[in-house]
Amino acid sequence: MKDAVAAVTDRIIARSRDSRRAYLDLIERERDNGIRRPQLGCANLAHAYAGTDEDRDAMKADRGMNIGIVTAYNDMLSAHAVYYRYPELMKVWAREAGATAQVAGGVPAMCDGVTQGYPGMELSLFSRDTIALSTAVGLSHGTFEGAALLGICDKIVPGLLMGALRFGHLPTILIPGGPMPTGLPNKAKAAVRERYAVGDASRDELLDAEIQAYHGKGTCTFYGTANTNQMMMEVMGLHIPGAAFVNPGTKLRQELTRAAVHRLAAIGMRGDDYRPLGWCVDERAIVNAAVGLLATGGSTNHLLHVPAIARAAGIVIDWEDFDRLSAAVPLIARVYPNGSADVNGFEAAGGMPYVIRELLGEGLLHGDIMTIASGGMVAYAGKPVIDGDTVHWVDPGVSGDDTILRPAAAPFSPDGGMRILAGNIGRACIKVSAVERDRWVVEAPARVFHDQLDVLEAFKAGELEQDVVVVVRFQGPRANGMPELHKLTPPLGVLQNRGFRVALVTDGRMSGASGKVPCAIHCSPEALLGGAIGRIRDGDLIRVDAVAGTVDARVDADEWAAREQAVAPPAATGMGRELFGMFRSLADEAEKGASAVLAGAGL
């Protein structure tokens, strides 16, 4: 194990000792003394079995595992539309393995691509907590010996895991659906967006380009939060190996799902290969998730999601851990927005098996974690191929395209794609893997906004035609649910293309598709809680320095300390936002995962 990775792992283990012990005690009690089918009353069981015909006798006889399927299916979200017939097929495959399966419950699955830039986005982050609660409700019946989680996109996978980890005595497998085939290249789509932002493309032209890019069932093909989730499930060992990026509707996709159901039936507590979720997700698995994120230039949203998932398992990881890992982990993948290829190109070049093999070979991943597959992480260095109805795994070989994937010994960059910034404005994160090095340091006057739509209006009015650090505050979890501000990417990109030095500083989030403009995000403490971002005034000289790791207002220290906080705008209502007031009032700071349910549970 590389010394730096081992040191961060030891740091997390030491910090988490008491909370992890309490968590492991919890799942041991749940396994040994919790509510299980043999303990339920006859009327309770009759209710549980009443919705099934073919499996009722097997359930009554309690002959094998009953799998609880938690599904995020809806046909508004392209990545999840593929799940329509999964439960029906999974029941057949469970019978093949001597098990049964039932849909334990459904969870909401919003599409951030639909709500981006609109009021619904203020519900987005807290949909993760809602998904965690919904997962817990589904598994609370005590009638399942294992769980299959059907989810892919931004908040869905983290929410499913947060909920399922509180039932960590159950063996659990995440089952993906795969990315849609490649459509309009991402750079071409981005170019049309930027042309539209300056009035050089019509709305019809923009809509046609977007539909060509997002054209069918499956996950969006850029390397945003959804696909970073899938990467993460591979390096944590929670998928069938190599399942992340196989397209929907293919024979291989079907057989990998079938293999997942069969494998789940084999790792229950009644057999001799018990692999509960809470044992699989340990401190080393969390470090693997962080390493994978850095090595592939994944989504900044995971600087919120990884800490939240970890907390649900009694583990504490902080941004300092990410920063230390980033200094030691090379960037070995370039996938849009960090490169020109999409995830289909990434998969064709070698995909996750190549990445895992390279990281294991350099001592950057913990290979000895408990995974749902036998053999530990080594199993995930094999690429699945199909021969008839049989799946087997082969070495991925050399990179199929060294503009997409490179060996860990000859990376795109010797360090990872994330930095932690600290200064008199607070602590923030920045993703630099898609930012040209000559843009890593920006010093310019501030323009301060409290709403991203006001930024767009100022851009259209020509008010930002200069070197500028755009500050958008009162966007934190306590203020308005920490929406993504991805709508700002095209206009800020246009300003940068015109030769201006441009950066964004915000206590909100950017999308997993954030790209070439330097963005200091997740600024903490947030403005609503008295964070220093609330002291910035128009014209203040702001320095964002990803080389030195700083974010500062170049203001006299005495004046800075004496300044009053800006007044927060009133809480918005409509689009259901008022219903999430409880979540906003309880939410933790960004570095802890910005979760209300974990804070409310005392985790």
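The values are calculated or read from the model by the stated rules, or taken from the named source; none is laboratory data. The structure displayed is predicted, hence computed values, not measured ones. Positions of Cβ are generated from backbone atoms using ideal geometry, with glycine treated the same way; all protein chains shown enter the neighbour counts.
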Search result, residues across region 117-137 that are touching a His at 6+ places or on another chain (Cβ under 9 Å) and modelled with pLDDT of 95 or more = Arg128
Checked region 379-398 for anything touching a helix residue (DSSP H, G or I) at 6+ places or on another chain (Cβ under 7 Å) and part of a helix (DSSP H, G or I); matches are Tyr380, Ala381
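Could you tell me which of the residues Asp53, Asp75, Asp25 is of a type in the set (Asp, Glu), loosely packed, with under 12 Cβ neighbours inside 10 Å and within 26 Å of the chain's Cα centre (by Cα)? Spell out how you get there, then give the answer.
Details: Asp53 fails: within 26 Å of the chain's Cα centre (by Cα); Asp25 fails: within 26 Å of the chain's Cα centre (by Cα).
Just a single option satisfies the conditions, and that option is Asp75.
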Checked region 202-237 for anything in contact (Cβ under 8 Å) with a residue 40 or more places away in the chain, touching a Cys at 6+ places or on another chain (Cβ under 9 Å) and surrounded by fewer than 24 Cβ atoms within 10 Å (Cβ to Cβ); matches are Tyr214
Every pair of residues 6+ apart whose Cβ atoms lie under 7 Å, when the first sits in region 452-467 and is on the phi > 0 side of the Ramachandran plot while the second is surrounded by fewer than 16 Cβ atoms within 10 Å (Cβ to Cβ) = none
Might you let me know whether region 286-293 holds any residue that is in contact (Cβ under 8 Å) with a residue 24 or more places away in the chain, outside any loop (DSSP other than H, G, I, E, B) and more than 30 Å from Ile420 (Cβ to Cβ)?
-> no
Do the conditions hold for Ala479, that is, is it closer than 27 Å to Glu591 by Cα, surrounded by 23 or more Cβ atoms within 10 Å (Cβ to Cβ) and among the hydrophobic types (A, V, I, L, M, F, W, C)?
-> yes
Would you mind finding the one in Val442, Val435 that is farther than 30 Å from Leu252 by Cβ, among the β-branched types (Val, Ile, Thr) and at pLDDT below 95?
-> Val435
In region 321-343, anything closer than 18 Å to Ser16 by Cα and touching a strand residue (DSSP E or B) at 6+ places or on another chain (Cβ under 7 Å) is listed as Phe322
Quick check, is Val517 at pLDDT below 95 and of a type in the set (Val, Ile, Thr)?
-> yes
Take region 295-330 and flag every residue that is in a helix (DSSP H, G or I) and within 16 Å of Ala6 (Cα to Cα).
-> Glu320, Asp321, Phe322, Asp323, Arg324, Leu325, Ser326, Ala327, Ala328
Flag if Thr371 is assigned by TED's automatic domain parsing to the domain that holds Leu252, in contact (Cβ under 8 Å) with a residue 40 or more places away in the chain, of a type in the set (Ser, Thr, Tyr) and assigned to a loop (DSSP other than H, G, I, E, B) = yes
Would you confirm whether any residue within region 296-303 is over 23 Å from Ala164 (Cα atoms), modelled with pLDDT of 95 or more and within 20 Å of the chain's Cα centre (by Cα)?
-> yes
Matching residues, region 335-357, being aliphatic (A, V, I, L, M), under 18 Å from the mean Cα position of the chain (by Cα) and not in a helix (DSSP H, G or I) | Val335
Among the numbered conditions (1) buried (at least 16 other Cβ atoms within 10 Å of the Cβ); (2) among the aliphatic types (A, V, I, L, M); (3) farther than 24 Å from Asn227 by Cα, tell me where Ala46 comes up short.
-> (1)
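Look through Ile533, Ile542, Ile521 and report the one residue that is surrounded by 22 or more Cβ atoms within 10 Å (Cβ to Cβ), in contact with a strand residue (DSSP E or B) (Cβ under 8 Å, 6 or more places away or on another chain), in a helix (DSSP H, G or I) and not small (Gly, Ala, Ser).
Ile533
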Just name the residue that is nearest to the chain's Cα centre (by Cα) out of those in region 453-495 that are of a type in the set (Val, Ile, Thr) and modelled with pLDDT of 95 or more.
-> Val472
Scanning region 104-120 for residues that are out of contact with any Lys or Arg (no Cβ under 9 Å at 6 or more places or on another chain) and hydrophobic (A, V, I, L, M, F, W, C), the one farthest from Gly64 (Cα to Cα) turns out to be Val114
With Met90, Met59 as the choices, which residue is surrounded by 15 or more Cβ atoms within 10 Å (Cβ to Cβ), without any contact (Cβ under 8 Å) to a residue 60 or more places away in the chain and assigned to a helix (DSSP H, G or I)?
-> Met59
Which members of region 308-327 meet the condition of being small (Gly, Ala, Ser), over 17 Å from the mean Cα position of the chain (by Cα) and closer than 26 Å to Phe245 by Cβ?
-> Ser326
Within region 133-240, helices (runs of 4 or more DSSP H) holding 3 or more residues that are in the same structural domain as Cys42 (by TED's automatic domain parsing) and within 30 Å of Ser340 (Cα to Cα) | 156-164, 225-235
